[in-house]
1. Across segment 143-180, what is the number of residues that are open to solvent by less than 80 Å² (accessible area, probe 1.4 Å), assigned to a loop (DSSP other than H, G, I, E, B) and among the β-branched types (Val, Ile, Thr)?
2. Can you find a residue that is among the hydrophobic types (A, V, I, L, M, F, W, C), over 22 Å from Arg26 (Cα atoms), out of contact with any His (no Cβ under 6 Å at 6 or more places or on another chain) and surrounded by fewer than 20 Cβ atoms within 10 Å (Cβ to Cβ) anywhere in segment 107-118?
3. Any residue in segment 158-184 that is closer than 15 Å to Gln7 by Cα sitting within a Cβ distance under 9 Å of a residue that is assigned to a helix (DSSP H, G or I) and open to solvent by less than 70 Å² (accessible area, probe 1.4 Å)? List the pairs, counting only those 6 or more apart or interchain.
4. I'm checking my understanding of the structure. Among residues of segment 151-163 that are modelled with pLDDT under 90 and not small (Gly, Ala, Ser), which one is nearest to Ser126 (Cα to Cα)?
5. Scanning segment 77-92 for residues that are in contact (Cβ under 8 Å) with a residue 24 or more places away in the chain and open to solvent by 10 Å² or more (accessible area, probe 1.4 Å), which turns out nearest to Leu37 (Cα to Cα)?
6. Just checking, how many residues over segment 23-52 are in a helix (DSSP H, G or I), open to solvent by less than 70 Å² (accessible area, probe 1.4 Å) and either in contact with a strand residue (DSSP E or B) (Cβ under 8 Å, 6 or more places away or on another chain) or closer than 20 Å to Asp131 by Cα (or both)?
7. Since Gln7 meets every condition but one in (1) in a strand (DSSP E or B); (2) open to solvent by less than 60 Å² (accessible area, probe 1.4 Å); (3) at pLDDT 95 or above, which condition does it not meet?
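The values are calculated or read from the model by the stated rules, or taken from the named source; none is laboratory data. All values reported here derive from a predicted model rather than from experimental measurement. We place every Cβ from the backbone using ideal geometry, glycine too, and count neighbours over all the protein chains shown. Accessible surface areas use protein heavy atoms only, side chains included; no ligands, DNA or RNA. Shrake-Rupley method; radii C 1.70, N 1.55, O 1.52, S 1.80 Å.
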Amino acid sequence: MASFSFQIKSGRKGGALGHSRYVARRGYHSARGDLVLSGYGNLPAWADADPEQFWRAADEHERINGATYRELIVALPNVLIGTPLRPLVEDLICKLIGDRPYQYAVHSPKSSLQGEQNLHMHLMYSDRMPDGFTRSPAQTFARFNPVSPWRGGCRKMSGGRTAMQLRDDLIAMRKLAADIQNAHLAKHGHSVRVDHRSLRDQGISRAPEHHLGPGRIRSMSPQEKEDYVRRREGWQPRGAGASDGGSSEARL
């Protein structure tokens, strides 16, 4: 079973453009040297096929407490790097966010702990759903008018949904992302599969992994790194060393 990681985040007003440049490895971010694929789609005409222009307008016109973007961070199977990768990414984008404006990038940095490739996708998208009406940048991010939609902004996908509904949506998206990956793995003859369920739901009793972060890993001695890897791979019983808790997902 391959590891599965699926995170969703929200961006605050003023942070969309900067994060877009980070995702696309623009400017000083290009020094990371780990960009594999990138692209965008479903932008309104006024953005002139420039995602930075779209995110700049979101930063300027979205309401103070509103999210300027959502972001999915999805771990991808290393065995699908190369020719099979783009169809997988396109399938994930199409089925996870539909026709909403988006920008994506696939990164493949080496992990700080073991030097393994950490293939994953960042998918930034707007929660503002296109509806066929022509709007200016300012109007696009204005409050939605349910009586006269053309007079207000684009409606948000998450608008009016309860916390329980949003939770159910997230679970469904996680399952969909896993199903898509497994379909592509099978198509290319790989036996490995991913599972969106928690360790408990999978019937696995080991303790979830902790996210150490690059800084913590750099401070570890070679022996500490080796011991941590052994515990993570289940070579040491639960409770012998690291404390329980944390997440069942490998954080990116």
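1. Step one: list which residues in segment 143-180 are open to solvent by less than 80 Å² (accessible area, probe 1.4 Å), which gives 144-145, 148-149, 152-154, 156, 158-159, 162, 165-166, 168-174, 176-180.
Applying the additional criterion that residues be assigned to a loop (DSSP other than H, G, I, E, B) yields 144-145, 148, 152-154, 158-159, 162.
Now drop any that are not among the β-branched types (Val, Ile, Thr), which leaves 162.
Adding up the residues that qualify gives 1.
2. Yes, there is a match, as at least one residue in segment 107-118 is among the hydrophobic types (A, V, I, L, M, F, W, C), over 22 Å from Arg26 (Cα atoms), out of contact with any His (no Cβ under 6 Å at 6 or more places or on another chain) and surrounded by fewer than 20 Cβ atoms within 10 Å (Cβ to Cβ).
3. Note: pairs meeting the criteria are Met173/Leu96; Leu176/Leu92; Leu176/Leu96; Ala177/Leu92; Ala177/Leu96.
4. As a first pass, look at segment 151-163 and keep what is modelled with pLDDT under 90: 157-163.
Narrowing the set further to residues that are not small (Gly, Ala, Ser) leaves 157, 161-162.
Details: Met157: 9, Arg161: 16, Thr162: 19 Å.
Among those that are modelled with pLDDT under 90 and not small (Gly, Ala, Ser), it is Met157.
5. Taking segment 77-92 first, the residues in contact (Cβ under 8 Å) with a residue 24 or more places away in the chain are 77-81, 84-89, 91-92.
So of that shortlist, the ones also open to solvent by 10 Å² or more (accessible area, probe 1.4 Å) come out as 77-79, 81, 84, 86-87, 91.
Working: Pro77: 15, Asn78: 14, Val79: 16, Ile81: 10, Pro84: 12, Arg86: 8, Pro87: 11, Asp91: 14 Å.
Only one residue tops the list, namely Arg86.
6. Total meeting the criteria: 4.
7. It is condition (3) that Gln7 fails.
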